[in-house]
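Data first, discussion second: the structure below is written as structure tokens.
The values are calculated or read from the model by the stated rules, or taken from the named source; none is laboratory data. Since this is a predicted model, take the numbers as computed values, not measurements. Glycine also receives a Cβ, built like all others from the backbone with ideal geometry; neighbour counts cover every protein chain displayed. Each accessible area value is taken on the protein alone, full model and side chains, heavy atoms only, with ligands, DNA and RNA left out. Shrake-Rupley method; radii C 1.70, N 1.55, O 1.52, S 1.80 Å.
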Number of protein chains: 2
Amino acid sequence: MLIGELSKRAGVTAHTIRFYEKSGLIRGKRDERVKSNKYKHYDEETVEKLMLIRDAKSVGFTLAEIGQLIDAWYSRRMPVAHKLTVLNEKLVSLDERIRQLKAMKKMISQYKQDVADGHC
Amino acid sequence: MLIGELSKRAGVTAHTIRFYEKSGLIRGKRDERVKSNKYKHYDEETVEKLMLIRDAKSVGFTLAEIGQLIDAWYSRRMPVAHKLTVLNEKLVSLDERIRQLKAMKKMISQYKQDVADGHC
DNA sequence: TTAAAGTATAGACTATACGCTAAGGTTGTT
DNA sequence: AACAACCTTAGCGTATAGTCTATACTTTAA
């Protein structure tokens, strides 16, 4: 599929897709048999990758981290041991974030209680 | 205390403190009796606010959101009902973030299992 | 066949959250 | 009085993650 269809399928603008491609997160390929244009073609995996980017961004991963994640997810060349290391790192950082979020929840809840009780 | 001491107490550079002040998150006040300089003085509450900013930033709140939080926390003028509304909004968004983080953890764990089992 | 719609590249622009430097005045110690 | 250490405003620079504009070529539909 071309960038327009990819854009619709993934719910991401063509501009942003090009930005991700320039950042090395995804890659389209030209059809070498076609000489008249330089249109890039994208596959189903790219749709998945864009969805992964969206989800991972929403939990606070940076594009650099998401790049590592995509490599661990889709690279045929990365050794399994390295993939597991990357995935474990991400799991640890997710746990740490959850821990911090819970601490913040506790703080806000406590303060809410104080406000409600008139200690303000 | 002056900005240098505040900086040390809160572990934030003077530059960043000035940036926060310009952003409306904190406020120092000049001693009007002193005419020879324009030094600003900060109180203990400001140290607390800077710590709150640090913690809230680490869980992904933007400075704009942190501004609302600080108002709910410290404003003497904001009605209690409004404070509670703001705090409840933050609690809801924290729960949503925790939910997303857990979903991402699940995804990565599942994929890790697949990789470990050689389905890659 | 020509106008609309799609694609490519390059580069300028935006917002957030700072970091850094300059140029100047003030305070404290010796 | 000299000098370090501190404070002020102003403004430019940086990284991330886009967003938009300009220019130009290609494809598609009427």
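Rounded to the nearest 0.05, what FRET efficiency do B:D31 and B:K57 have when you use their Cβ-Cβ distance and R0 = 35 Å?
On the way: r = 30 Å, r/R0 = 0.87.
Step by step, r from the Cβ atoms, then E = 0.70.
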- [ ] Once the label point is placed 7 Å from Cα along Cβ, list for A:R9 the distances to the corresponding points in the other copies, in nm, shortest first.
- [x] 5.8
Task: Centroid-to-centroid separation of the range A:83-120 and the range B:95-120 [C-alpha atoms, Å] - done: 20
Open item on the list: For A:R27, place a label point 7 Å from Cα along the Cα-to-Cβ direction in every copy; what are the distances to the other copies, in nm, shortest first?
Closed with: 5.5
- [ ] Quick one: accessible surface of A:Y20, probe radius 1.4 Å, all protein chains present, in square angstrom to the nearest 10.
- [x] 20
Task: Accessible area per residue in Å² at 1.4 Å probe, computed on the range A:1-117 - done: 61
Open item on the list: Once ligands and nucleic acids are excluded and a 1.4 Å probe is used, how much of B:F19 is accessible, expressed in Å² to the nearest 10?
Closed with: 110
- [ ] Could you run the numbers on buried accessible area between B and A, total for both chains, 1.4 angstrom probe, in Å² to the nearest 100?
- [x] 3200
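For chain B, calculate the relative contact order in percent as a whole number, restricting contacts to Cα pairs under 8 Å that are 6 or more residues apart.
The value is 17 percent.
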- [ ] Mind listing the label-point distances from B:Q110 to the same position on all other copies, shortest first, one decimal in nm, points 7 Å along Cα→Cβ?
- [x] 3.7
Task: Helix-only CD estimate at 222 nm, as mean residue ellipticity for chain A, using -39500 (n - 2.57) per DSSP H run (n ≥ 4) - done: -22500 deg cm²/dmol
Task: Amide N of the range B:95-109 lying under 11 Å from the label point, which is placed 7 angstrom from the Cα of A:H82 along Cα→Cβ - done: none
Open item on the list: What does the net charge come to around B:A56 if you take all other residues with beta carbon closer than 11 Å to its beta carbon, with K and R at +1 and D and E at -1?
Closed with: +2
- [ ] For chain A, give the percent of accessible area contributed by carbon and sulfur heavy atoms, probe 1.4 Å, rounded to a whole number.
- [x] 52
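Kindly identify chain A as rounded, prolate or oblate by the Cα gyration tensor criterion: order the square roots of the eigenvalues as a ≥ b ≥ c, call it rounded if a/c is under 1.5, otherwise compare a/b with b/c, prolate if a/b is larger, else oblate.
oblate
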TODO: Please compute the net charge surrounding B:A10, taking Lys and Arg as +1 and Asp and Glu as -1 over other residues with Cβ under 10 Å from its Cβ.
DONE: +2
Task: Modelled FRET efficiency - R0 22 Å, A:Y39 with A:T16, Cβ distances, 0.05 increments - done: 0.75
TODO: Provide A:K29, B:K22, A:K112 ordered by accessible surface of protein heavy atoms (probe 1.4 Å), highest first.
DONE: B:K22, A:K29, A:K112
Open item on the list: Within chain B, how many Lys pairs that are eight or more residues apart, or on different chains, come under 24 Å at the alpha-carbon?
Closed with: 28
